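Before any comments, here is the structure.
The values are calculated or read from the model by the stated rules, or taken from the named source; none is laboratory data. Treat the numbers as computed from the prediction; the structure is a model and nothing was measured. All Cβ positions, glycine included, derive from the backbone under ideal geometry; neighbour counts span all protein chains shown. Areas reflect the complete protein model, heavy atoms only, side chains present, ligands, DNA and RNA absent. Shrake-Rupley method; radii C 1.70, N 1.55, O 1.52, S 1.80 Å.
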Amino acid sequence: MDSRESFSSRLGFILISAGCAIGLGNVYRFPITTGAYGGAFFVLIYIAFLILLGIPIMTAELAVGRGSKRSIASSFDVLEKPGQKWHLMKYLGIAGNYLLMMFYTTIAGWMVIYFIRYLTGSICDIKEVSELGNQFGATISNVPLLLGSTFAVILVCFGICSLGLQKGVERVTKWMMVVLFVLMFGLAIYSLTLSNAKEGLAFYLIPSAQRLKDAGLGTVISSAMGQAFFTLSIGIGSIAIFGSYIGKERRLLGESLTIVSLDTLVAIMAGLIIFPAAFTYNNGVTADAGTVGAGFLFTTLSSIFNTMPGGRLVGTLFFLFMIFAAFSTVIAVFENIISFWLELTKLKRAKVSVINVILLMVLSLPAIFSLNIWGNVTIGGKGFMDLEDFVVSNVLLPIGSLVYVLFCSHKFGWGWDKYFAEVNSGKGPAVPKWLKNYMKFVLPAIIFVVLLISIF
Ligand code: ALA
């Protein structure tokens with residue numbers, strides 16, 4: 001194995017870990033689910049889950065990564081006691097990272113397609129939502145177009161990773177994240193000046209018991225939990241890897257708080273961009289999945305861009321923002337995939353990148369084909385893209401999180417003492433002692449319930 005690389009700065013670590021978390025989950029899935037599940041109450045429950053689940057689990061992942069100096073492909077092998085079986089977790093982690101990328105790269109490809117359409121202005125004359133819906137339908141039925149856009153995402157992102165941790169991943173992601181924040185603030189300020197911004201904000205930020213009732217409390221809670229896991233990508237080692245690249249100067253609770261806060265800031269800002277626009281140009285959003293469903297960005301929101309003054313520029317900047325959010329996650333997860341190979345084989349980074357470009361191009365085919373030529377092929381009522389999303393978000397992330405928490409808090413794992421010493425090495429806010437029983441018993445119980453609700 002090559003000698004292990006590390007980040008050139010703390011800022012690099014924070015922005016890349018936040019970049020891994022910040023992605024389509026924040027800027028696409030969060031506003032859509034918030035709209036569909038009635039607004040503000042969903043947001044509150046989601047934030048509660050980030051605090052109750054997200055932050056402690058993230059400290060566990062980062063501690064295992066930093067304590068082992070390995071990715072999930074061998075971190076449990078390094079830290080477990082002789083004869084234990086925790087290392088089997090590597091299979092779940094590796095499968096989770098690949099499965100996530102098997103559909104995520106295709107959706108990232110849609111953002112590239114729509115960015116080009118806005119940049120060239122080719123889509124700007126279509127104002128009707130139904131016509132835009134037809135166009136989106138034609139886009140996802142167009143196999144060569146989807147193959148081209150997905151493969152381009154895979155090539156560019158592995159190309160960046162092949163340059164190395166500091167020269168590729170850190171340099172490019174830092175720059176992308178800075179532009180993402182600038183674009184986001186610009187778009188949000190613009191949106192807040194729109195005429196019905198107030199109504200949009202009220203829907204988004206003022207809780208309404210009636211809307212909660214309409215959406216159904218159980219559904220709102222389980223979607224908010226799923227969203228919290230997805231947005232942080234916790235449980236499959238995609239955050240742990242970045243713990244493995246840092247030193248012991250800072251305590252990991254502070255680092256986790258910063259990453260989760262940045263992730264939440266981006267999600268909340270995405271809502272500030274979308275809801276005022278939706279209430280100004282589209283009479284708001286409703287719980288109707290057709291209005292706020294998966295195609296929302298490419299139908300309703302695009303129609304809003306095409307109707308508003310200066311919409312071509314706003315649309316172009318918006319899809320650029322989406323590309324940076326998606327690419328920061330893809331690059332981070334690809335870095336994790338590369339590190340599996342570097343740890344488990346003797347191959348060099350460049351060769352591992354080439355192999356994985358080909359591998360992921362092949363693995364992305366089921367999700368792509370499920371949108372068109374395999375449209376009738378379903379397993380358990382789901383096409384491949386939905387199935388991959390479901391397995392990652394509702395099964396692997398919660399199971400993986402459960403394993404991390406048990407490993408860090410119980411004697412039959414790494415144990416509370418070792419976790420406590422690792423997580424609290426350095427400066428910054430410390431994990432308090434009283435968290436021990438929460439991590440040992442309460443958190444696993446919550447995750448277990450989440451898992452059951454998610455699956456059944
Ligand atoms: N955490 C990633 C996202 O939010 C998967 O998109």
Calculated SAXS-style log₁₀ I(q)/I(0) at q = 0.18, 0.21, 0.24 Å⁻¹ - segment 67-166, Debye, Cα scatterers: -0.93, -1.10, -1.23
Could you give the nm distance between label points at V143 and R10, where each point is 7 Å from its Cα heading toward the beta carbon? 5.3
If Rh is defined by the Kirkwood formula over all Cα pairs and Rg also comes from Cα, what ratio Rg/Rh do you get for the chain? 0.96
Using a 1.4 angstrom probe on the protein heavy atoms only, line up Y204, Y98 by accessible area, largest first. Y98, Y204
Can you sort T378, T264 by 1.4 Å-probe accessible area, starting with the largest? T378, T264
In segment 220-367, carbon and sulfur make up what percent of the accessible area (probe 1.4 Å)? 69
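Rounded to the nearest 0.05, what FRET efficiency do D77 and V179 give with R0 = 30 Å and r taken as the Cβ-Cβ distance? Could you check?
Details: r = 39 Å, r/R0 = 1.29.
Efficiency, rounded to the nearest 0.05: 0.20.
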Under a point-charge model restricted to the Cβ atoms of Lys and Arg (+1) and Asp and Glu (-1), what is the dipole moment magnitude of segment 168-279 relative to its Cα centre, in debye to the nearest 20? 120
Contour excess over end-to-end distance, with Cα ends at K198 and I453 and 0.36 nm allotted per residue: 88.3 nm
Charges at C-beta only: +1 for Lys and Arg, -1 for Asp and Glu. How large is the resulting dipole of the chain about its Cα centre, in Debye rounded to 20? 1320
So, with a 1.4 angstrom probe, what is the percent of accessible area on segment 1-122 that is carbon and sulfur? 68
For the cross-link pairs K90/K382; K418/K440; K81/K411; K69/K348; K69/K90, which exceed 22 Å when the distance is taken from alpha carbon to alpha carbon? K90/K382
How many angstrom separate the Cα center of segment 372-400 from the Cα center of segment 93-113? 12
Taking a label point 7 Å from the Cα of V442 along the Cα→Cβ vector, which residues of segment 404-422 have an amide N closer than 17 Å to it? 405-406, 409-410
Can you give the accessible area per residue of segment 370-409, in Å², using a 1.4 Å probe? 40
Expressed in square angstrom to the nearest 10, the accessible area of W374 with a 1.4 Å probe stands at 100
What value, in deg cm²/dmol to 500, does the helix sum -39500 (n - 2.57) over DSSP H runs of n ≥ 4 give at 222 nm once divided by the residues of the chain? -21500 deg cm²/dmol
Of the options Y419, Y46, C157, report the single residue whose Cα projects farthest towards the positive end of the charge dipole of the chain (beta-carbon charges: Lys, Arg +1; Asp, Glu -1). Y419
Can you give me the solvent accessible area of R117 with a 1.4 Å probe, rounded to the nearest 10 Å²? 40
Which ³J(HN,Hα) values, rounded to whole Hz and listed in residue order, are derived for segment 192-205 from phi using the Karplus coefficients 6.51, -1.76 and 1.60 in 6.51 cos²θ - 1.76 cosθ + 1.60 with θ = phi - 60°, glycine and proline given as x? 5, 8, 5, 5, 9, 4, 4, 5, x, 5, 4, 4, 6, 10
Would you work out which of S191, L232, S9 lies farthest towards the positive end of the dipole of the chain, given +1 charges on the beta-carbon of Lys and Arg and -1 on that of Asp and Glu, about the Cα centre? S9
